[in-house]
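Only one structure is covered here, and it is reproduced in the block below.
The values are calculated or read from the model by the stated rules, or taken from the named source; none is laboratory data. Note that the structure is predicted; figures quoted are calculated from it, not measured. Here Cβ is always computed from backbone atoms with ideal geometry, including for glycine, and neighbour counts include all displayed protein chains.
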Amino acid sequence: MSNIVVFGGNSHPSLVNQICDNLGIKPSEVKLGKFSNGETSISIGESVREKDVYVIQSGCGHVNDNFLELLILLNACKTASASRVTAVMPYFCYSRQPDIPYTAKGAPLISKPKEVYTFESHPGTPLPSVLTTQKPLSHNVPENITECIIESAEELPDGLKQPLPKRLNMDTNLHKSPSQSRIPVVPEREENSSDLGSLFNASNAGYKLWVAQAGTLVANLLTTAGADHVITMDLHDAQFQGFFDIPVDNLYCKPIAQNYIQYNIPDYKEAVLVSPDAGGAKRAASIADALELSFALIHKERRSQLPKGPPNATFTSGGGLPISSHPLLGSSLGRSASHEMSHSSSKYVQTTMLVGDVRNKVCIIVDDLVDTSYTITRAAKLLKDQGASKVYALITHGVFSGDALNRVSQSAIDKIIVTNTVPQEKTIEVLGKDRVQVLNVSRVFGESIRRIHNGESISMLFEHGW
Amino acid sequence: MATNSIKLLAPDVHRGLAELVSKRLGIDLTDIKLKRDPSGEVSFSIGESVRDQDIFIIMQIGSGVVNDRVLELLVMINASKTASARRITAVIPNFPYARQDRKDKSRAPITAKLMADMLTTAGCDHVVTMDLHASQIQGFFDVPVDNLYAEPSVVRYIREHVNYKESIIISPDAGGAKRAAALADRLDLNFALIHKERARANEVSRMVLVGDVTDKVCIIVDDMADTCGTLAKAAEVLLDHRAKSVIAIVTHGVLSGKAIENINNSKLDRVVCTNTVPFEEKMKLCPKLDVIDVSAVLAESIRRLHNGESISYLFKNYPL
């Protein structure tokens, strides 16, 4: 390996060392620190003139400090006449909108560490199975509700005659951008004007809270700093690659994950892969396809709260639907869609539901990122409530901010499998060695650096891993 | 409906200067919400429409979490840009990383240039700053930069609060000689210089005084005070040369690290900073600190920029 220089940032030194071990070289000397006023200072200890430079920095820890440190390092290498500068970001920061829960007024709901967590969404998740003892309130639940709804929609007055949202079609859910569902929705009318309420609504009614997306900005900043190439793993949105004017190699964790499932999960042939939200369905489905496993989906959605009035509101009452292999696919979804149309002014609530059968099965939740852990801990509870025998969580980037680790440790997740794109020492400390398995991605990164340096194809890494 | 009016944006922390500017202009600060995720990332939303408006983002960058402030500023600029603002002006009185403006050793980053590029990339159309460490930094930008001077405000302060007829202006290093000499000319005072040999950043080794300070009130003038080690040492040197008393006037009082301790233990009578850097809480810890308010200069420059008037008047005169 001649002419190659690898620098590591402050965020994840152990991964840098492992990647360098795989390449058979030593990380190059760089001094990283801060001036007394808080500005980042760096000094590069060896020549980079006409060298192929790789700077490894994960977007974890103190994100903004680490990101600026990366930018300054890239810029320093560029101005020191490096021939090519590549940013290696195992976890790409600012690649998604935050999925922290918000209050109805749009303020972030950041929970403080608690003794006990409930993992319930509000209102409670509807249970479509016999586990609920509630009797149906209506005696005449038609066999085919979907058709019935569509018929009734035609009887609506003209003003309300809109095409029904095609919630029954799985494809529309699959291709829905995950960020969409994460933008906090602020109801237009506020009941009591608190600070935030008046902030966003009182003086300018009709202005919807709009959250800036930092994606393009981050891409442009990297290019501005002088990056010629970016290597990352499991980008939250694959579309993110399009924000860059430079090549972006998005590596996949999938081969490593597949390998783990095959060799470490007993009776994996009977397991069910579960995507905790619609945005990740494709990711989970592709692993399920490759291993020929069955697949289930947990669907989070915001919908208008159902009024207590209608006697046949099967959605809130939960039980009583004919049990089939596709418990929720048709019926209650179609029903609630119609409610949303007729009660558009009512409050929005978030609810989760499971599509697919997990009874007495081992479930493997697959997601690219766990930050606050709200999504997966709720998913795990839902799966256990539906009769899953064991719940694994297979995560690429375990950021675990705030009190996420405490939530996970109290949740129904039996084992969490996570890669070392983000340091996981604390995860092991909190959850214990038996409940955490850290997968090593340094070989994939090492090999991709080797191949990019030598000008070889890296597409083989997408399929087979390393 | 007024079109293309001034919108003032400021982050939710350190908005003291922005509030003063807003008061002076008679324009309320625009409602914004900056969220810091538990993971540390910044997300930002503006509470009202800014389409086709003239945006001024007032950002005070002090010591400590500089990088967070920089990212917040960039996200705010970018958000305004994508929200179809007509023009975005970043008002950054204390320009971050201004001291890393050259390759002082091999492979050192020119971070000031990187900051300039990043601001432009984010969508900034204009930059207003004050007393840049090196005015050449203006050349790093592809967009217009207005480098305001604190000098008129400082002159006013000296006239009103110091017995300036018995004073002498001191530059604590050769680099600041020009600034100090200009101020001395304005006030028609004498001028002396301290030459120092710097061993490492934020550390001072030996000082030599050039000029006579006997029985004078010494006014040390500098653009930035960081740990205040230099100022404390300079005060000692001046008093050793039979100066009557010593005060320091700096534009950007970053006052990081042991600054407060250094000032309290030093022989300085007073340390006066402008409010380009937030240091309200430090004033409680240190009775020797005093403030020069520059919000009037910034407010006037914002008004003139918006109306397309000349700014150069403000370089020499304090606005009424």
When the stretch B:226-248 is checked residue by residue, the ones that are in a strand (DSSP E or B) and in contact with a helix residue (DSSP H, G or I) (Cβ under 6 Å, 6 or more places away or on another chain) are B:Val246, B:Ala248
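Would you mind finding the one in A:Gly45, A:Gly33, A:Gly38 that is crowded, with 20+ Cβ neighbours inside 10 Å, outside the structural domain of A:Gln424 (by the TED database) and of a type in the set (Gly, Ala, Ser)?
Answer to the check: A:Gly38.
If I go through the stretch B:97-106 residue by residue, how many of them are among the hydroxyl-bearing types (Ser, Thr, Tyr) and either within 20 Å of the chain's Cα centre (by Cα) or more than 10 Å from every other protein chain (Cβ to nearest Cβ) (or both)?
1
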If we ask which residues in the stretch B:263-291 are in contact with a Ser or Thr (Cβ under 8 Å, 6 or more places away or on another chain) and crowded, with 18+ Cβ neighbours inside 10 Å, their number turns out to be 5
Within the stretch B:73-91, residues being surrounded by fewer than 21 Cβ atoms within 10 Å (Cβ to Cβ) and either of a type in the set (A, V, I, L, M, F, W, C) or within 11 Å of chain A (Cβ to nearest Cβ) (or both) number 3
Expected output for the stretch B:208-230 (first residue within 14 Å of chain A (Cβ to nearest Cβ) and touching a residue at least 60 places away in the same chain (Cβ under 8 Å), partner in a strand (DSSP E or B) and crowded, with 19+ Cβ neighbours inside 10 Å, Cβ below 6 Å, 6+ apart or cross-chain) is B:Asp223/B:Thr251; B:Met224/B:His252
**A:Ser43 being of a type outside the set (A, V, I, L, M), farther than 30 Å from A:Arg407 by Cβ and at pLDDT below 95** = yes
Those strands (runs of 3 or more DSSP E) completely within the stretch A:384-458 that have 3 or more residues that are touching a Cys at 6+ places or on another chain (Cβ under 8 Å) and of a type in the set (A, V, I, L, M, F, W, C) are none
With the first residue restricted to the stretch A:268-289 and required to be more than 20 Å from A:Leu382 (Cα to Cα) and of a type in the set (Ser, Thr, Tyr), and the second required to be modelled with pLDDT of 85 or more and part of a strand (DSSP E or B), Cβ contacts under 8 Å at 6 or more apart or on different chains are A:Tyr268/A:Val362
Counting only residues in the stretch A:360-371 that are of a type outside the set (Lys, Arg) and over 10 Å from the mean Cα position of the chain (by Cα), the one farthest from A:Ser286 (Cα to Cα) is identified as A:Asn360
(request) Kindly indicate whether any position in the stretch A:419-441 is away from chain B (no Cβ under 14 Å) and under 16 Å from the mean Cα position of the chain (by Cα). (result) yes
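Filtering the stretch B:14-45 down to residues that are aliphatic (A, V, I, L, M) and within 14 Å of another protein chain (Cβ to nearest Cβ), which residue is nearest to the chain's Cα centre (by Cα)? Show your work before the answer.
If we filter the stretch B:14-45 for residues that are aliphatic (A, V, I, L, M), which is where we start, we get B:17-18, B:20-21, B:25, B:27, B:29, B:32, B:34, B:42.
Within this subset, residues satisfying the condition of being within 14 Å of another protein chain (Cβ to nearest Cβ) are B:29, B:32, B:34, B:42.
Numbers: B:Leu29: 21, B:Ile32: 24, B:Leu34: 23, B:Val42: 25 Å.
Only one residue tops the list, namely B:Leu29.
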Checking the structure you have, find out if any residue of the stretch A:43-57 is free of Cβ contacts under 8 Å to residues at least 40 places away in the same chain, more than 19 Å from A:Val422 (Cβ to Cβ) and touching a Gly at 6+ places or on another chain (Cβ under 8 Å). no
Scanning the stretch A:212-237 residue by residue, the ones that are over 19 Å from the mean Cα position of the chain (by Cα), among the hydrophobic types (A, V, I, L, M, F, W, C) and under 16 Å from A:Leu68 (Cβ atoms) total 6
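Conditions tested, residue by residue: (1) without any contact (Cβ under 8 Å) to a residue 60 or more places away in the chain; (2) assigned to a strand (DSSP E or B).
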| position | (1), (2) |
| --- | --- |
| B:Leu34 | yes, yes |
| B:Ser39 | yes, no |
| B:Phe44 | yes, yes |
| B:Ser49 | yes, no |
| B:Asp52 | yes, no |
| B:Ile57 | yes, yes |
| B:Gln60 | no, no |
| B:Ser63 | no, no |
Residue hits (the stretch B:107-124; assigned to a loop (DSSP other than H, G, I, E, B) and either of a type in the set (Val, Ile, Thr) or facing chain A (nearest Cβ under 7 Å) (or both)) are B:Arg107, B:Ala108, B:Pro109, B:Ile110
Result of the Cβ filter at 7 Å on the stretch A:405-418, keeping first residues that are free of Cβ contacts under 8 Å to residues at least 40 places away in the same chain and under 24 Å from A:Val441 (Cβ atoms) and partners that are surrounded by 21 or more Cβ atoms within 10 Å (Cβ to Cβ) and not hydrophobic (A, V, I, L, M, F, W, C), at least 6 apart or interchain, is A:Leu405/A:Thr427; A:Val408/A:Ser373; A:Val408/A:Thr377; A:Asp414/A:Tyr392; A:Lys415/A:Tyr392
Of those in the stretch B:47-60 that are at the interface with another protein chain (Cβ under 7 Å from one of its Cβ atoms) and in contact with a strand residue (DSSP E or B) (Cβ under 9 Å, 6 or more places away or on another chain), the residue farthest from A:Phe92 (Cα to Cα) is B:Glu48
The residue from B:Asn67, B:Asn94 that alone is part of a loop (DSSP other than H, G, I, E, B), within 14 Å of another protein chain (Cβ to nearest Cβ) and crowded, with 22+ Cβ neighbours inside 10 Å is B:Asn94
In the stretch B:120-142, residues that are modelled with pLDDT under 95, touching an Asp or Glu at 6+ places or on another chain (Cβ under 7 Å) and closer than 18 Å to B:Ser301 by Cα total 1
